[in-house]
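**Q** Provided herewith is a single structure, encoded as structure tokens, for subsequent inquiry.
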Amino acid sequence: MTPDQLKALVRTIPDFPKPGILFRDITTLIGDGPGFAASVAMLADQAAAAGAQAIAGMEARGFIFGAAVAARLNLPFVPVRKPGKLPVPVLAIDYALEYGTDTLEVDPGAIAVGQRVVIIDDLIATGGTALAAAQLLNRAGGVAQHALFVIDLPDLGGADRLRAAGLTVEALMDFPGH
């Protein structure tokens with residue numbers, strides 16, 4: 001499948017979660033077997049080209065694509081979790097949201113010092129979560145310099161924000177607006 005064919009599988013929900021927002025719903029993409037397989041294959045090719053030694057994905061939708069890519073490449077998967085989900089001592093990072101803050105956690109034992117970790121998520125909007133994940137993975141000893149996304153919303157500036165922080169960013173498709 002081509003990126004345009006994959007893009008056609010993404011459902012747009014107007015006025016969700018609030019009026020004026022066009023929500024890009026990947027449920028229809030992952031619900032299409034050939035489309036999901038093709039998106040995982042494309043992400044895996046990009047991760048391999050980036051020299052990935054591990055794949056990290058942010059809870060929750062990043063787990064869907066990240067774990068599938070890691071399995072396809074026979075690489076370890078590093079879950080970047082919401083607070084309180086890991087049963088071991090963790091490294092944590094707080095980061096700013098539009099209205100408040102949030103926290104991400106990772107098991108530091110899941111990452112080898114110097115290991116090249118490619119971050120994968122379903123969508124990049126403002127980039128705050130992905131940037132925090134990269135900082136956290138680097139603090140854990142990894143080298144997170146590459147982030148892959150299924151969807152980019154370029155009007156929200158997240159990919160540019162990551163690039164300004166030194167990360168290479170790629171997405172399978174983009175949608176205008178927010």
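**Q** May I ask for the net charge around residue 23, where only other residues with Cβ less than 9 Å from the Cβ of residue 23 are counted and Lys, Arg are +1 while Asp, Glu are -1?
**A** Net of charged neighbours comes to 0.
**Q** At what distance in nm do the modelled label points of residue 74 and residue 163 sit from each other, each positioned 7 Å from its Cα along Cα→Cβ?
**A** Between residue 74 and residue 163, the simple spin-label model gives 3.5 nm.
**Q** Tally Lys/Arg at +1 and Asp/Glu at -1 over every other residue whose Cβ is under 14 Å from the Cβ of residue 124; what's the total?
**A** Charge balance near residue 124 sits at -3.
**Q** With springs only between Cα atoms under 10 Å apart, run a GNM on the chain and tell me which of 159, 96, 52 wobbles the most.
**A** Answer for the Gaussian network model of the chain: 96.
**Q** Report the percentage of all Cα-Cα pairs in the chain whose separation exceeds 21 Å, rounded to a whole percent.
**A** The share of Cα pairs beyond 21 Å in the chain comes to 46 percent.
**Q** Quick check on the chain: of the DSSP beta bridges with both residues there, what percent are antiparallel, nearest 5%?
**A** 35 percent
**Q** Over the chain, what percent of the accessible surface lies on carbon and sulfur atoms, probe 1.4 Å?
**A** Result for the chain: 55 percent of the exposed heavy-atom area is carbon or sulfur.
**Q** Only loop residues by DSSP count here, and only those with at most 15 other Cβ atoms within 10 Å; note down the chymotrypsin sites (Phe, Trp or Tyr not before Pro) in segment 1-103 that meet that.
**A** Listed in order of number, the matching sites are 99.
**Q** Mind checking which aspartates and glutamates have their Cα closer than 16 Å to the Cα of residue 85? Skip sequence neighbours fewer than 8 apart in that chain.
**A** Cross-link targets: 59, 94, 102, 105, 107.
**Q** What whole-number value in Å² describes the accessible area per residue of segment 27-178 for a 1.4 Å probe?
**A** 44 Å²
**Q** Ok, one more. Loop-only GluC sites (Glu not before Pro) in segment 91-178, please: DSSP not H, G, I, E or B, and at most 11 other Cβ atoms within 10 Å.
**A** 98
**Q** Follow-up. Given Cα pairs under 8 Å that are at least 6 residues apart, what percent is the relative contact order of the chain?
**A** 18 percent
**Q** Could I ask something else about it? HN-Hα J couplings of segment 116-128 from phi, Karplus 6.51/-1.76/1.60, θ = phi - 60°, integer Hz, Gly and Pro as x?
**A** Result, rounded to whole Hz: 6, 10, 9, 8, 10, 8, 6, 8, 10, 10, 8, x, x.
**Q** Can you give the Rg and Dmax of segment 72-163 based on its C-alpha atoms, in angstrom?
**A** Values for segment 72-163 (Cα only, Rg and Dmax): 13.1, 38 Å.
**Q** Compute the convex hull volume of the Cα atoms of segment 75-120, divide it by the residue count, and report the result per residue in Å³ as a whole number.
**A** Dividing the Cα hull volume of segment 75-120 by its residue count gives 99 Å³.
**Q** Using r as the Cβ-Cβ distance of residue 28 and residue 113, and R0 as 45 Å, what FRET efficiency do you calculate, to the nearest 0.05?
**A** Efficiency computed from Cβ-Cβ geometry: 0.65.
**Q** Pulled fully out, how much extra length does the chain show between residue 11 and residue 45, if you take 0.36 nm times their separation in residues and subtract their Cα-Cα distance?
**A** 9.8 nm
**Q** Past the 20 angstrom mark, what percentage of all C-alpha to C-alpha distances in segment 1-72 do you count?
**A** In whole percent, the share of Cα-Cα pairs in segment 1-72 beyond 20 Å is 37.
**Q** With a 10 Å cut-off between alpha carbons and a GNM built on the chain, which of 17, 76, 154 moves the most?
**A** Largest GNM mean-square fluctuation: 17.
**Q** With springs only between Cα atoms under 10 Å apart, run a GNM on the chain and tell me which of 152, 25, 122 wobbles the most.
**A** For the chain, modelled as a Gaussian network with Cα springs under 10 Å, the answer is 25.
The values are calculated or read from the model by the stated rules, or taken from the named source; none is laboratory data. Bear in mind the structure is a predicted one, so any value in this text is a computation, not a measurement. Note that we place each Cβ from the backbone using ideal geometry, even for glycine, and neighbour counts take in every protein chain shown. Note: accessible area is taken over every heavy atom of the protein model, side chains too, but ligands, DNA and RNA are not part of it. Shrake-Rupley method; radii C 1.70, N 1.55, O 1.52, S 1.80 Å.
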